[in-house]
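Below: one structure, written as structure tokens.
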Amino acid sequence: MSNFLDFGVAKKMKEMSEKQNKVTQLFEIKYPIIQGGMIWHSGWRLASAVSNSGGLGLIGAGSMYPDILRENIRKCKAATSKPFGVNVPMLYPNLEEIIQIVLEEGVKTIFTSAGNPKIYTESLKKEGLKVAHVVSSTKFAMKCEDAGVDAIVAEGFEAGGHNGRDETTTFCLIPNVKQHISKPLIAAGGIALGSQMKAAMILGADGVQIGSRFAATEEASSHENFKNKVISLNEGDTYLTLKELAPVRLVKNKFFHDLEKLYDQGRDAEVLRETLGRARAKRGMFEGDLEEGELEIGQVSALIHEILPVKKVFENLLKEYREVNSFDL
Ligand code: NDP
């Protein structure tokens, strides 16, 4: 009898480990969980830990000079035998050099963001890379599909850091994008719990991209001050601002309140740009200046209460995902 039971459990476990969908097949990963390639958090330690846990880790090129990126890719290759990728914001100053490094180092997957997917997608695909692009609207999701990307990340208003101008929430964005595209769809913005991941999948996503939850992990390269700030945040502690420059969701700290004063005085974009200055994000998230720095994080930070190792984040996500029970109509 017990042998039959053991056989049943083993069969079930085998079935579960073999479950595949469009996203897991495309990226050759176990779980459809992709880590956001967030600037100042996403070095080789975080990316390799996510990949080793069965998701897709991404190195964030946006905060790396070219030689630092190369070093991170090499260290990531040494730390994991699993697939990983690089996130490249297309606003990056040395974009061509960065793309060249990605190709030279044999990275198989690239997530591009903050730019036009038509510029690089075709040439990257010719080189054999899998290309995903991040958008915040259905209109741009359709442009991505036309450009021939392999997958689309649709990121809602809840997300931290650079964001869309239209303030479309993940809850509204995902079903709309789903109705207009057929490529694998990855939901982002406001996802830190297994229940939120499940909701995104029910809305039509084939996978999720998670940023804030992975920023508050032991492996993230950001400053401890920043991580501790993230786990102290409550609902309403972040805000989407600087739409005149590039919309960004950040923590309402002293720097944010200084910006608010400028808005109250009716100051124009040039004054905002001067006040922002250079390397504010580095100052806040990497150097840990919680007053004067730019602290980019999502609304979901209100649900993050502990700095955890990546492995534990995965365990929690999977457990919560499997436990979701909804009302039966
Ligand atoms: P700033 O112009 O304020 O500062 C540039 C920062 O990037 C500095 O801290 C600098 O480090 C670092 N950096 C890394 N590589 C380079 C390089 N090749 N040339 C110049 N600076 C470099 O920009 P932000 O901090 O607002 O943004 C930095 C980058 O991250 C941009 O490429 C931006 O598009 C991207 N970004 C992408 C996001 C996304 O895709 N979701 C979100 C936010 C930003 P140092 O101080 O050591 O010189």
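Within the range 137-205, the GluC sites (Glu not before Pro) that combine a DSSP coil assignment with at most 14 other C-beta atoms in a 10 angstrom radius are 167. Using alpha carbons only, how many angstrom separate the centre of the range 64-121 from the centre of the range 214-230? So the separation of the two Cα centres works out to 22 Å. Extension gain, residue 292-residue 78: 0.36 nm per intervening residue step, less the Cα-Cα distance, totals 73.4 nm.
Could you work out how far helix 66-79 tilts from the main Cα principal axis of the chain, as a 0 to 90 degree angle to the nearest 10? Between the helix axis and the principal axis of the chain, the angle is about 20 degrees. Under the convention that each Lys and Arg Cβ holds +1 and each Asp and Glu Cβ holds -1, the size of the dipole of the chain around its Cα centre is about 920 debye. Too long at a 26 Å Cα-Cα cut-off: which of 75/312; 77/311; 143/312; 118/183; 139/319; 125/312? Exceeds cut-off: 143/312; 139/319; 125/312. Translational diffusion of the range 124-207 was estimated from the Stokes-Einstein equation, with Rh taken as the Kirkwood radius over Cα pairs; at 10 °C and 1.306 mPa s the coefficient is 125 µm²/s.
Once you sort the root eigenvalues of the Cα gyration tensor of the range 216-276 as a ≥ b ≥ c, which label holds: rounded (a/c under 1.5), prolate (a/b larger than b/c) or oblate (the other case)? Prolate shape, in that a/c is at least 1.5 and a/b is the bigger ratio.
Label separation (residue 258 vs residue 225): 1.3 nm, computed from points 7 Å beyond Cα along the C-beta direction. Note the angle between two axes, namely the Cα long axis of helix 310-323 and the longest principal axis of the Cα atoms of the chain, as a number of degrees from 0 to 90, rounded to the nearest 10. Around 60 degrees separate the two axes. Between the beta carbons of residue 269 and residue 171, assuming R0 = 25 Å, the FRET efficiency works out to 0.25 to the nearest 0.05. Along its principal axes, the range 159-308 has C-alpha extents of 43, 35, 23 angstrom, given from the largest down. Label-to-label distance, residue 70 versus residue 91, with points set 7 angstrom from Cα along the beta-carbon direction: 2.7 nm.
Using alpha carbon coordinates only, what is the Rg to Rh ratio of the range 101-241, with Rh defined as the Kirkwood radius? Ratio of gyration radius to Kirkwood radius for the range 101-241: 0.99. A 1.4 Å probe run over the chain, with the rest of the protein chains in place, finds 48 Å² accessible per residue. Roughly speaking, to the nearest percent, how much of the chain's 1.4 Å accessible area is carbon and sulfur? C and S fraction of accessible area: 52 percent. Whole-percent P(r), the chain, all Cα pairs, 10 Å bins from 0: 6, 26, 36, 23, 7, 2, 1, 0. Computed from the Cα positions only, the extents of the range 48-87 along the three principal axes stand at 28, 17, 11 Å, in decreasing order. If I fit a long axis through the Cα atoms of helix 2-17 and take the longest principal axis of the Cα atoms of the chain, what angle between them do I get, 0 to 90°, rounded to 10? Relative to the chain, helix 2-17 is tipped by roughly 40 degrees. In this structure, the pairs whose alpha-carbon distance is over 26 Å, taken from 108/282; 19/130; 19/178; 178/252, are 108/282; 178/252. Among the GluC sites (Glu not before Pro) within the range 206-258, those in coil by DSSP and having at most 11 neighbouring Cβ atoms inside 10 Å are 235. Label-to-label distance, residue 122 versus residue 20, with points set 7 angstrom from Cα along the beta-carbon direction: 3.0 nm.
Sum up the charges of everything whose Cβ sits under 15 Å from the Cβ of residue 77, counting Lys and Arg as +1 and Asp and Glu as -1, but leave residue 77 out. Its environment carries a net charge of +3.
Count Lys and Arg as plus one, Asp and Glu as minus one, and take only other residues whose Cβ is under 10 Å from that of residue 279; the net charge is then +2.
Calculated mean residue ellipticity, 222 nm, the chain: -12000 deg cm²/dmol, from DSSP H runs (n ≥ 4) at -39500 (n - 2.57) each, averaged per residue and rounded to 500. Given the range 19-128, report the % of alpha carbon pairs whose separation exceeds 24 Å. Cα-Cα pairs of the range 19-128 separated by over 24 Å account for 18 percent. The residues packed around residue 157, meaning those with a beta-carbon under 11 Å from its beta-carbon, carry a net charge of -2 if Lys and Arg are +1 and Asp and Glu are -1.
Compared with the direct C-alpha span, the chain from residue 246 to residue 306 gains 18.6 nm at full extension, assuming 0.36 nm per residue.
The values are calculated or read from the model by the stated rules, or taken from the named source; none is laboratory data. Note that the structure is predicted; figures quoted are calculated from it, not measured. Virtual Cβ from ideal backbone geometry, glycine too; neighbours counted across all protein chains shown. Heavy atoms of the whole protein, side chains included, go into the accessibility calculation; ligands, DNA and RNA do not. Shrake-Rupley method; radii C 1.70, N 1.55, O 1.52, S 1.80 Å.
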